[in-house]
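Worksheet: the structure to be examined is printed underneath.
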Amino acid sequence: MLSYKWVEQFINGEPVYEACCRTNVGGYHVTDYLKQLLSLKYPHHISKLTWERVEELKMEHCYIAGDYASEVQLFQRGDKEAEDKTRCWQLPWTPSPVEEPPSEEEIARKAALKEKQSQRLREMAEAKRSSKINELENELKGLEFLLEELKDIEEDDEIVSFLVSRGYAAKREVESAFAKVTQSLRKAKGEQVPSEEKVDISAAEKYYLIDIPDDELSAEQLKEKRRQVFLKSTTEARQRAKQRRLEEELEKEKEKKLEEQKRMENPECYLEQLRAKYKELSEKLEQRKRLKTNGNHANGNNNVSGGVGRGERLNAAQRERMRLLTTAAFDRGKGEDTFGQRDEDWQLYKLMSRDNDDDDDDKPDHDETELARISSRLREIDPTFFPGSESGASASEVPRFRPLTKEDFQIILGVERFRCPEVLFNPNFIGIDQSGLDEMVGVSLRRLPSWVQGLEDKMTSSILVTGGSCLYPGMGERLEAGIRMIRPCGTPIKVVRATDPIMDAWRGASVYAAAMQFPQQTFSRTDYYDKGEDWLRRYKFKYTI
Amino acid sequence: MEREVLEAELVLPTHMKFKKIQMYDKYPKGQARGRHWKHLKQIIQAENYENYPPQLPTYVNIETPPSMHPGKKICDITGFEAPYFDPRTKLRYANTEVFKAIRSLPNDYVQRYLALRNAAVVLR
């Protein structure tokens, strides 16, 4: 996959193999560097940055700066010249339809529609209510009539049979039904229901069986008693809870009053305190959230830049756990084991256990409610307050809400245009510890046999560059300048570019293969298999033109 | 003709006159490629370069030596000259704006920037 640059020396048409020099940096690295840089700069458009596309960008826009430092300063200052040198790639983008503010009549129409709907709903509710009241009144009348009738009948047996015929078991039942209906009628009519009173009144008769000892009751009554006991206890519990809630509310009210008082005393100080508290809490929550979600941001793009370890996939909390486990595994038996001497040591196991981050789930909840409370309070009293204005997360979320513009779909090539090809001259940009092209020429010259006088000058006056990477504008000038720096003053230097750098090597081989002497000058695969590579190497290839 | 062929900018002829063995003979369609490509490292190892006399130029020993000049330090984000270094993220930066940016970068982006110059810490 790698492509290489070679420096080869020819003396009198003979290659000097000893003076060869090779670097591991080539066009692949330039493209890869550009691709990585752009995808880090524009993570949203990573799908558009395919290898082919970046290769095209490289061939079209990249150039080699005459002097990297001064060129980059041009961009740092933001000169006019730098602006001219900046290229912009506009990605396909369609403006989202601009929403026009609704006209006056539109608003009026909508309001009317809404009003109509609510009117209808109101009417429906009214009709329902009146029908319910009617129903209840009818029932009440029936019950009243029943009670009247009951008054007329004196004997007990007759009462029972009469009630059974009407669907009731006892007189008490009729009375309770009567009470219920009256109550719901009142409710329906919108009157205040004296519920407390009702409970007090009915408590004695509702639970009429509770105070009677068990052995005086029949089986049926026992069952009824148990039910009543249960009912009573639940009602009481409910009442107690209500009481508690009331007390809590009172407490809160008191706290609020206290705060209000504080505020009255010193409004600025109070506001300051509140703000500080808000900031602290929001930061705390933010950090926790980040810890939980960290590492899952760009999983898909991670593997572009090389191997993805197991650790990279986990989030920070998990990674911390992993670290603890590994240190624990390798720590044993090394030196004196003091584990457990202090009580804190045992906390380690709690951290190590898998579900340790689920443990403190109720705590963030508490923090969150507190945060919500403070922010609402701040909003009440502080007109300049904007929730979440200080936290970093919402700052990064802001662009999501504003409509995307043309600029969001642009890929700007500025410094990248010459930063990427610069790796040919400074491979340490991409972490390869080798000398660049210009220095390599010096290395090669030093490797030349030293017995010929003036050989080095002869060499530098005819340098041929070939291969795709020499197509960058400015390549020849830069190479010349670089060589001039390492050679003595007045050295003749001439850099010639091949006429067709990409295809020349192939063309040469093609011409050679088509020539008549090709079969005599080459070895076949069978030769290699029969005689071995050592025999081949003895030939010490001669090169004649 | 198929649609993809018509749309393609460049179509290689299936039959090449100068080839003794055509591609379609060598790799019949539907069959997995029989050829196993060796990696560069494997080839170098198979060549047994260490057995040759050291002065003989081989693929490995013609490689250019490390640079004699101190490496240029450039800002990892912008490419400007970087006089500063952030000890927390280990990134180099050019000015305060870039510093603000790198402090707010998520950790995996920092690692990817570092990986660009082979300085990333790979946790395994």
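The values are calculated or read from the model by the stated rules, or taken from the named source; none is laboratory data. Note that the coordinates shown come from a computational prediction; the quantities given were computed from them, not determined experimentally. As a convention, Cβ positions derive from the backbone with ideal geometry for all residues, glycine included, and neighbour counts pool all protein chains shown.
Remark: A:Ser218 matches the filter, which requires a residue to be surrounded by fewer than 10 Cβ atoms within 10 Å (Cβ to Cβ) and modelled with pLDDT under 80.
Within segment A:421-436, being under 18 Å from A:Gly482 (Cβ atoms) and within 9 Å of chain B (Cβ to nearest Cβ) holds for A:Glu422, A:Asn426, A:Pro427, A:Asn428, A:Phe429, A:Ile432, A:Gln434, A:Ser435, A:Gly436.
Being touching a helix residue (DSSP H, G or I) at 6+ places or on another chain (Cβ under 9 Å), of a type in the set (Ser, Thr, Tyr) and outside any helix (DSSP H, G or I) is the filter here, so list the residues in segment A:21-50 that pass it. If the condition is that a residue be touching a helix residue (DSSP H, G or I) at 6+ places or on another chain (Cβ under 9 Å), of a type in the set (Ser, Thr, Tyr) and outside any helix (DSSP H, G or I), then A:Thr23, A:Thr50 are the ones that fit.
I'm checking my understanding of the structure. Among residues of segment A:50-62 that are in contact (Cβ under 8 Å) with a residue 60 or more places away in the chain and more than 14 Å from every other protein chain (Cβ to nearest Cβ), which one is farthest from A:His29 (Cα to Cα)? Filtering segment A:50-62 for residues that are in contact (Cβ under 8 Å) with a residue 60 or more places away in the chain and more than 14 Å from every other protein chain (Cβ to nearest Cβ), the one farthest from A:His29 (Cα to Cα) comes out as A:His61.
In the set A:Glu81, A:Glu18, A:Glu71, only one residue is out of contact with any His (no Cβ under 7 Å at 6 or more places or on another chain), away from chain B (no Cβ under 11 Å) and not in a loop (DSSP other than H, G, I, E, B); that residue is A:Glu81. If you check B:Gln22 against the conditions, is it away from every other protein chain (no Cβ under 11 Å), surrounded by 11 or more Cβ atoms within 10 Å (Cβ to Cβ) and under 22 Å from the mean Cα position of the chain (by Cα)? No; evaluated as a whole, the condition is false for this residue. If A:Asp357 passes every condition in (1) surrounded by 16 or more Cβ atoms within 10 Å (Cβ to Cβ); (2) modelled with pLDDT of 70 or more but one, which one does it miss? Just one mismatch for A:Asp357, condition (2). Flag: B:Tyr52 matches the condition of being modelled with pLDDT under 85, within 12 Å of chain A (Cβ to nearest Cβ) and more than 23 Å from the chain's Cα centre (by Cα). Scanning segment A:16-38 for residues that are under 14 Å from A:Leu413 (Cα atoms) and either surrounded by fewer than 21 Cβ atoms within 10 Å (Cβ to Cβ) or at pLDDT below 90 (or both) turns up just one, A:Thr31. Taking segment B:70-124 as the range and being more than 20 Å from A:Cys420 (Cβ to Cβ), assigned to a helix (DSSP H, G or I) and more than 9 Å from chain A (Cβ to nearest Cβ) as the test, the residues that pass are B:Thr96, B:Glu97, B:Phe99, B:Lys100, B:Ala101, B:Ile102, B:Arg103, B:Val110.
Taking A:Asp433 as the residue in question, decide whether it is at pLDDT 80 or above and surrounded by fewer than 17 Cβ atoms within 10 Å (Cβ to Cβ). Criteria met by A:Asp433. Restricting segment A:147-166 to residues that are modelled with pLDDT under 70 and assigned to a loop (DSSP other than H, G, I, E, B), the residue that is surrounded by the fewest Cβ atoms within 10 Å (Cβ to Cβ) is A:Glu154.
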